[in-house]
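Asks: The structure that follows is given in the form of structure tokens.
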Amino acid sequence: KTQEYGLLRIIGTTKKQVERIVFREGLILCARSLPTGAVLGGLVGYLLKPDGWHWPTTIAMALLTCAILLVVIMVASLKPVRLAAKVTPVEAMRHTSYTDDKNDKDTKKLHRSLSPRTLAGINMGRNKKKTVLTILSLGVCGILLMASASYLNAIDFEEMARLSYPRGELVIELGENGPGSYSIANDFVTQQKNNPFTDALMQSIADIDGVEDVIADRGAYNDTLLPSDTESVFMFHGFTPEDEEWLDKDLLSGTFSYDELMAGKGVVVADWADWGMYGWEPALGDIVSVKTPTGETMALMVMGIRKDTGLGTDYSMFLLPDGLIAELQPGLENPIYQVTVKAEQGKTEQIEAAVREYMSAYPDTRIRLMSDETAFLESTYNSLKMPIYFIVIFIGVFGLINLVNTLMTNVIVRKKELSVLQTLGLTGRQLRQMILAEGLYYVFGTIVLTLSVGTLSGYLLCQAFDTVGTMGTVVYQFPAFHAALYLGAVVLVQVVFSFVSLNTLKKESLVERMRGV
């Protein structure tokens, strides 16, 4: 609109008035679009999660979003406002889509090989900033899509579930809902006194076809007073001297020596993230007071702190030698609270059926399966994929709109220029090739950015999560389908627009386009 602003300057419009005109255009667009965007955004949010709809939150977020976008639009308008104010009447009347860049090395070339392809390249080089920003807007979407698709498709849900089931695929817990459902320690002790995990039952499970190992976890469930004066019920998981070696690898400080812990009545505490809920940060030398069923209090000293890694049980905040379990629960003959069954590959279902048959006589037990955990994790992450992909697609749509806007502007402001080229001998076929080549240059830049930076970002993201280990083993896989879908959409939009723009030009004669402003 350079010439339009120049005409306004001719009839007396001041620079300040031109600034206000451009700025108000932005505000008018803002007033028309933000309410619509807020309504559509709320609708999309409701469709993604109907149960999470809350009117006060929705209204507050809509107002906050509109306020932020209003500021963004005002800031974004500063540059075009200043450019418009600098337009002089003489400059406006001379204006063409060419730029007089004295630093442009190409202008020094007196002889060039002109073809539709080179003309397209020359046009893109006129405004390098616009070209780069258009490619970046499309490339950023491609990078986000590649990174998110790489990560979401690289998750091995079975390996992720294995973090909670490191020793076997099936876990039998004492208690209808596991030990954690008991808020009174003596209630669980009563269950342990009638413990179904006898030697005979353990042997019967071990004899099931496909069972490789049966592992029993022993523990004492006691009322505990933490150093922060917070009282709660905790399981004290027992270990044997043979367990020292594999437990020691997760030790952060202190000792895991069975003999030293026995001698000092010591306990090893996991570096559990939720200790803050109890107002306690474990440190060596802290005293944990444990109440026994007889009414006595036993003081355990924190002699070791370990990483909060999965041991195949949800009750491993406190680890202590087996020998001390008898002191925490005097008279308890069978302290087993959980049994883990390791199965041969492909035989989990038949083992589950046999175990359920054995345990049907003991209703106060619970069976947990790694396959259920795998299915739960897969379902949870699949529900997250839709919002993530929706955000990426949303960004991609704006990238495509930016591409269409750039191509459209190039054609509109160059109508007269293209007409001059046609009068000098540019054929309709060459014009079509030139416009198509311009769009393909943008597409090529997007492809390079997406496949290079996007692939690298996806790979590094997968490597980072694999190193952390919170998601199990994360193996990078190139998201070929997602890349092909996105880049195909970019190519399709560009090709379709090229034909549409050419048909639009054909509707006007050369004379009409030459006269057009």
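The values are calculated or read from the model by the stated rules, or taken from the named source; none is laboratory data. Remember, predicted model here, so these are calculated numbers, not experimental data. Methodologically, a virtual Cβ is constructed for each residue, glycine included, from the backbone with ideal geometry; neighbour enumeration extends over all protein chains shown. All accessible areas refer to the heavy atoms of the entire protein, side chains included, with ligands and DNA or RNA removed. Shrake-Rupley method; radii C 1.70, N 1.55, O 1.52, S 1.80 Å.
Asks: Determine if region 319-333 includes at least one residue that is assigned to a strand (DSSP E or B), closer than 22 Å to TYR182 by Cα and in contact with a Phe, Trp or Tyr (Cβ under 8 Å, 6 or more places away or on another chain). Break it down into steps so the answer makes sense when it comes.
Replies: Of region 319-333, the ones assigned to a strand (DSSP E or B) are 319-321.
From what is left, the residues that are closer than 22 Å to TYR182 by Cα are 319-320.
Now drop any that are not in contact with a Phe, Trp or Tyr (Cβ under 8 Å, 6 or more places away or on another chain), which leaves 319-320.
Looking for residues that are assigned to a strand (DSSP E or B), closer than 22 Å to TYR182 by Cα and in contact with a Phe, Trp or Tyr (Cβ under 8 Å, 6 or more places away or on another chain), one finds at least one in region 319-333, hence yes.
Asks: Right, here's the next one. Just name the residue that is nearest to the chain's Cα centre (by Cα) out of those in region 455-492 that are among the small types (Gly, Ala, Ser) and within 22 Å of VAL404 (Cβ to Cβ). Steps first, please.
Replies: Looking only at region 455-492, we keep the residues that are among the small types (Gly, Ala, Ser), and these are 457-458, 464, 469, 472, 480, 483-484, 488-489.
If we keep only those that are within 22 Å of VAL404 (Cβ to Cβ) too, we end up with 483-484, 488-489.
Details: ALA483: 18, ALA484: 21, GLY488: 24, ALA489: 23 Å.
Filtering region 455-492 for residues that are among the small types (Gly, Ala, Ser) and within 22 Å of VAL404 (Cβ to Cβ), the one nearest to the chain's Cα centre (by Cα) comes out as ALA483.
Asks: In region 104-147, which residue that is under 23 Å from ARG429 (Cβ atoms) and basic (Lys, Arg) is modelled with the lowest pLDDT? First the steps, then the outcome.
Replies: So the first thing to find is which residues in region 104-147 are under 23 Å from ARG429 (Cβ atoms), and the list is 112-124.
When the remaining residues are screened for being basic (Lys, Arg), the result is 112, 117.
Values: ARG112: 64, ARG117: 79.
Per the criteria, the residue is ARG112.
Asks: While we're here: Give all pairs with beta carbons closer than 7 Å in which a residue from region 31-43 that is without any contact (Cβ under 8 Å) to a residue 24 or more places away in the chain meets a residue that is part of a helix (DSSP H, G or I) and surrounded by 12 or more Cβ atoms within 10 Å (Cβ to Cβ); count only pairs at least 6 apart in sequence or on separate chains.
Replies: Going by the 7 Å Cβ cut-off, the qualifying pairs are GLY42/THR58; GLY42/ALA62.
Asks: I'd like to know if region 431-442 contains one or more residues that are over 17 Å from VAL500 (Cβ atoms), in contact (Cβ under 8 Å) with a residue 24 or more places away in the chain and among the small types (Gly, Ala, Ser). If you could, list the steps in order and put the result at the bottom.
Replies: Applying the first criterion (over 17 Å from VAL500 (Cβ atoms)) to region 431-442 yields 441.
Now drop any that are not in contact (Cβ under 8 Å) with a residue 24 or more places away in the chain, which leaves 441.
Still in the list and also among the small types (Gly, Ala, Ser): none.
No, because not a single residue in region 431-442 is over 17 Å from VAL500 (Cβ atoms), in contact (Cβ under 8 Å) with a residue 24 or more places away in the chain and among the small types (Gly, Ala, Ser).
Asks: Whether any residue in region 156-175 is over 35 Å from the mean Cα position of the chain (by Cα), among the hydrophobic types (A, V, I, L, M, F, W, C) and surrounded by 18 or more Cβ atoms within 10 Å (Cβ to Cβ) is what I want to check.
Replies: Of the residues in region 156-175, the ones over 35 Å from the mean Cα position of the chain (by Cα) are 174-175.
Then drop every residue that is not among the hydrophobic types (A, V, I, L, M, F, W, C), which leaves 174.
Still in the running and surrounded by 18 or more Cβ atoms within 10 Å (Cβ to Cβ): 174.
Looking through region 156-175, at least one residue is over 35 Å from the mean Cα position of the chain (by Cα), among the hydrophobic types (A, V, I, L, M, F, W, C) and surrounded by 18 or more Cβ atoms within 10 Å (Cβ to Cβ).
Asks: A follow-up question, please. Does GLU244 satisfy being farther than 19 Å from LEU328 by Cα, of a type in the set (Asp, Glu), in contact (Cβ under 8 Å) with a residue 12 or more places away in the chain and outside any helix (DSSP H, G or I)? Quick ask: steps written out before the conclusion?
Replies: Details: farther than 19 Å from LEU328 by Cα: yes; of a type in the set (Asp, Glu): yes; in contact (Cβ under 8 Å) with a residue 12 or more places away in the chain: yes; outside any helix (DSSP H, G or I): no.
For GLU244, the condition - farther than 19 Å from LEU328 by Cα, of a type in the set (Asp, Glu), in contact (Cβ under 8 Å) with a residue 12 or more places away in the chain and outside any helix (DSSP H, G or I) - is not met.
Asks: Quick one: how many residues across region 321-345 are over 16 Å from ASP223 (Cα atoms), open to solvent by 50 Å² or more (accessible area, probe 1.4 Å) and either among the acidic types (Asp, Glu) or without any contact (Cβ under 8 Å) to a residue 40 or more places away in the chain (or both)?
Replies: Counting residues in region 321-345 that are over 16 Å from ASP223 (Cα atoms), open to solvent by 50 Å² or more (accessible area, probe 1.4 Å) and either among the acidic types (Asp, Glu) or without any contact (Cβ under 8 Å) to a residue 40 or more places away in the chain (or both) gives 4.
Asks: Tally time: how many residues in region 164-181 are out of contact with any strand residue (DSSP E or B) (no Cβ under 6 Å at 6 or more places or on another chain) and farther than 20 Å from GLU352 by Cα?
Replies: Number of matching residues: 2.
Asks: Something else about it: Determine whether region 197-209 contains at least one residue that is surrounded by 13 or more Cβ atoms within 10 Å (Cβ to Cβ) and touching an Asp or Glu at 6+ places or on another chain (Cβ under 8 Å). Show your work before the answer.
Replies: So in region 197-209, the residues surrounded by 13 or more Cβ atoms within 10 Å (Cβ to Cβ) come out as 197, 201-202, 204-205, 208.
Applying the additional criterion that residues be touching an Asp or Glu at 6+ places or on another chain (Cβ under 8 Å) yields none.
No, that holds for no residue.
Asks: Return only the number of the condition from (1) modelled with pLDDT of 85 or more; (2) part of a helix (DSSP H, G or I) that ALA361 does not satisfy.
Replies: With respect to (1) modelled with pLDDT of 85 or more; (2) part of a helix (DSSP H, G or I), ALA361 is out only on (2).
Asks: Is it the case, given these coordinates, that LEU311 is open to solvent by less than 60 Å² (accessible area, probe 1.4 Å), at pLDDT 90 or above, in contact with a strand residue (DSSP E or B) (Cβ under 9 Å, 6 or more places away or on another chain) and not β-branched (Val, Ile, Thr)? First the steps, then the outcome.
Replies: Values: open to solvent by less than 60 Å² (accessible area, probe 1.4 Å): yes; at pLDDT 90 or above: no; in contact with a strand residue (DSSP E or B) (Cβ under 9 Å, 6 or more places away or on another chain): yes; not β-branched (Val, Ile, Thr): yes.
No.
Asks: Then there's this: Within region 449-490, which residues are modelled with pLDDT under 85 and touching a strand residue (DSSP E or B) at 6+ places or on another chain (Cβ under 8 Å)?
Replies: PHE465, ASP466, MET471, GLY472, VAL474, listed by residue number.
Results for (1) exposed (fewer than 12 other Cβ atoms within 10 Å of the Cβ); (2) at pLDDT 90 or above; (3) within 25 Å of ARG9 (Cβ to Cβ), shown as yes or no for each residue.
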residue: LEU48; (1), (2), (3): no, no, no
residue: LEU63; (1), (2), (3): yes, yes, no
residue: CYS66; (1), (2), (3): no, yes, no
residue: LEU70; (1), (2), (3): no, no, no
residue: PRO80; (1), (2), (3): no, no, yes
residue: LEU83; (1), (2), (3): no, no, yes
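Asks: Does LEU27 fit the bill of being more than 18 Å from PRO387 (Cα to Cα), in a helix (DSSP H, G or I), at pLDDT 85 or above and out of contact with any Cys (no Cβ under 9 Å at 6 or more places or on another chain)? Steps first, answer last, please.
Replies: On the way: more than 18 Å from PRO387 (Cα to Cα): yes; in a helix (DSSP H, G or I): yes; at pLDDT 85 or above: yes; out of contact with any Cys (no Cβ under 9 Å at 6 or more places or on another chain): yes.
The answer is yes for LEU27.
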